[in-house]
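Have a look at the structure below before the remarks.
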Amino acid sequence: MLKTKFLIFAFLFAGIIFAPGNGDSCPPGMYLDPATGQCIASVQPPPGGIPVDATIASGQISAALSNLCVLIKNMLGIGMMFMVVSSALVYSIGQVMGAETRARASVWATSMFNGAIIAALIYLLVPFVLTTLLTSTGVTPTCTPA
C-alpha cells in the first residue's frame, strides 16, 4: 500500500518537474525566435516567430475554461447516473448476503450515493463559476455539451 502511494507520488512529481513547456515563455512585447529559441524585442515578430501577448494568453485560457465546462457537462451526468445505479446494485446484492457483508454493502452504497450528490453539486456550480469567469474576460461563454 505504501509502495503504491510512493510510486503514484513519484510519477506525479516527475510529471510536474519534467513537463514540457509550451514555448511561450517570453515576456510581453517580445517574440520567440524559432531559429535561436531566444526571446527578441522587436516591433514586428520575425518570420515564423511566435508572438507572446496577453490577449493571446487570455484567449487560450478562455478556450481552456470553455473546454473544461463542456467536459464537466458531458462527463458528470453520465458519472452521476453510474454512481446511483451502482449504489443501488451494491445495496441490493448486499441485502442477500450475511450480516457483515450487508453492513459493508450499506456503507459502500451510501458512499457511492454521496459521491453522486457531490457530482451533482459540481455539475450545477462549476459551469456557473466558469461562465462568470469567462464573462468577466469579455469572452462569450460556450458551456453547452456537444
The FRET efficiency for Val107 and Leu71, from their Cβ-Cβ distance with R0 = 25 Å and rounded to 0.05, is 0.25
On the formula 1/(1 + (r/R0)^6), with r taken between the Cβ atoms of Ile8 and Ser92 and R0 of 35 Å, the FRET efficiency rounded to 0.05 is 0.60
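Only the coordinates and a few stated rules stand behind these numbers; no lab work does. Everything quoted here is computed from the prediction, not taken from an experiment. As a convention, Cβ positions derive from the backbone with ideal geometry for all residues, glycine included, and neighbour counts pool all protein chains shown.
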